[in-house]
Amino acid sequence: MTPTSDQRMPRSLWWTLAGLTFAWGFNWTAMKVALDEFTPWIFRSLCITFGSLLLFGIAYAAGNSLRVPRHLWGKLAVLAFFNVTCWNMMIAFGLMMIPSGRAAILAFTMPVWSVPLSAWLLGEKITGRKVGALLLGMIGMALLIGEDLVVIGRAPLGALLALGAAFTWAIGTVMQKRWPLGLPMGTFTAWTMSLGGLPILLGTLVFERNAWTPVGTAAWLALLYNIVIAFAFAYWAWFKIASSVSVTVSSISVLSVPIVGVLCGFVFLGERPSVQEYAALACVVLAVLAVNLPARKRQ
C-alpha cells in the first residue's frame, strides 16, 4: 500500500467498518448483562477461549496457513498483550463500576493517545484536517459524558481503568502499524487472541478456581454474542481496518462505536436521546467523514 493510499478508508472497507461499529456498539450492553452474573475473569476466559477456537477453525477452513515464523512470536506476543490482555481485563473491571455507555465513551478516547503516538513513532503526517476531525470527535465524546461526570466521579477507579484500556489499545494499534507481520488476517487474529488470552486464563485459574456459579439465559446469550460477534468477527474487522489505513484514520473512524453503545443503552432502558446526544452524533459523523472523504482537488 502506498503512503497516500492509507490516508482514508477505501470503499471496500466501509461495510467492514459499519459491521464493526454495530458489533462493538451493542456489545457494551451485552457485556453489562453478562457481567451481572459472570465474574470478569471467567467471562473473558470463556470469550477468548471459544472465540479463538472459532477463528482458528475459520482460518483453517479458508485455507490459511496457521504457521507463525519463529522470529515473529515476540512481536505477536507484545501486540496480543496490549490489544487483548490489557484491553479486555481493564474494560471488564471498569464496566462493573460505571455505566456501560460512559465506559464506552472513556474507552474510545483512544485517538487522543494514538494520533500523537503515530506521529512520534510512525512519522504520520498530522494535517489540519485530521486535527479538526480529532477535535470534533472529542467534542462529541465530551458532550456525551458531560451529563455523567458526577456518576463517574463516584467511581474514579472505573473511569481510570477505562482510560487505561484506551491507552493500551492506542499502543497496540500503533505497534501493529510499526510491525507489519505479513500473516493472513485470520491467522493473525486467531493467534493474537490466543496469546493475549493466556494471562487471562492463568488469572482465572489462580484467582477464581471456585468462583463458578449458575447463570441465567440472558447472560449465556450475552456470552454467545461476545464469542461470535464481538470477538471472532469484530477483532478480525478491527485488525483488518487498522492494518489497511493510517492510525489516525482507523482511530477516528471507530468513534461511532460509543454512539451506538449509548443509543443501545437508551433502547434497552426505554430512554430517549437528549439534544446533547444528537449534537454528539453530529460531531462524530462529521469527524469520521472528515478523515475518510477525499479532499477536493485544487484547480
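The values are calculated or read from the model by the stated rules, or taken from the named source; none is laboratory data. Because the structure is predicted, anything quoted here is derived from the model rather than measured. Cβ: placed from backbone, ideal geometry, glycine included. Neighbour counts: every protein chain shown. With ligands, DNA and RNA removed, areas are computed over all heavy atoms of the protein, side chains included. Shrake-Rupley method; radii C 1.70, N 1.55, O 1.52, S 1.80 Å.
Using Cα pairs closer than 8 Å and at least 6 residues apart in sequence, work out the relative contact order for the chain, in percent.
On the way: 411 pairs, mean separation 123.2, N = 299.
Dividing the mean separation by the residue count of the chain yields 41 percent.
Against the criterion of solvent-accessible heavy-atom surface with a 1.4 angstrom probe, Trp191, Trp113 sort, most first, into Trp113, Trp191.
What order do Trp236, Trp41 take when sorted by accessible area (1.4 Å probe), most exposed first? Numbers along the way, then the final one.
On the way: Trp236 85, Trp41 50 Å².
The most accessible residue leads, giving Trp236, Trp41.
Would you mind classifying the stretch 1-118 by shape? Square roots of the alpha carbon gyration tensor eigenvalues, ordered a ≥ b ≥ c; an a/c under 1.5 is rounded, otherwise it is prolate if a/b is larger than b/c and oblate if not. It is oblate, given that a/c is not under 1.5 and a/b is not larger than b/c.
Here's the list of lysines a cross-link from Lys32 could span, going by alpha-carbon distance under 28 Å and ignoring same-chain residues fewer than 8 apart: Lys240. Pairwise Cα separations in the stretch 58-139 fall into 5 Å bins from 0 onward with the following percentages, short to long: 3, 11, 13, 15, 16, 15, 14, 10, 3. Our helix-only sum for the chain, with -39,500 (n - 2.57) per DSSP H run of n ≥ 4 divided by its residues, gives a mean residue ellipticity at 222 nm of -22500 deg cm²/dmol. Simple rule: put +1 on each Lys or Arg Cβ and -1 on each Asp or Glu Cβ in the chain, find the dipole, and look at Ala61, Gly94, Val247; the Cα lying farthest toward the positive end is Val247.
Treating the Cα atoms of the chain as identical point scatterers in vacuum, please give the log10 of the normalised Debye intensity I(q)/I(0) at q = 0.13, 0.14 Å⁻¹, two decimals. At q = 0.13, 0.14 Å⁻¹ the computed log10 ratios are -0.90, -1.05.
If we count GluC sites (Glu not before Pro) as exposed when they sit in a DSSP loop and have at most 16 other beta carbons within 10 Å, what is the longest stretch of the chain that avoids them all? Walk me through the intermediate numbers first.
Details: sites that count: Glu208, Glu271.
The reported range is 1-207.
Considering the chain as a Gaussian network with a 10 Å cut-off on Cα pairs, which listed residue, Gly94, Gly123, Gly158, attains the greatest mean-square fluctuation? So, out of Gly94, Gly123, Gly158, the one fluctuating most is Gly123. Membrane-span-like helices in the chain, defined here as complete DSSP H runs extending at least 30 Å along the helix axis by their C-alpha atoms with mean Kyte-Doolittle hydropathy no lower than -1.0, are 14-35, 40-61, 156-178, 185-207; this is a sequence and geometry rule, not a statement about a membrane.
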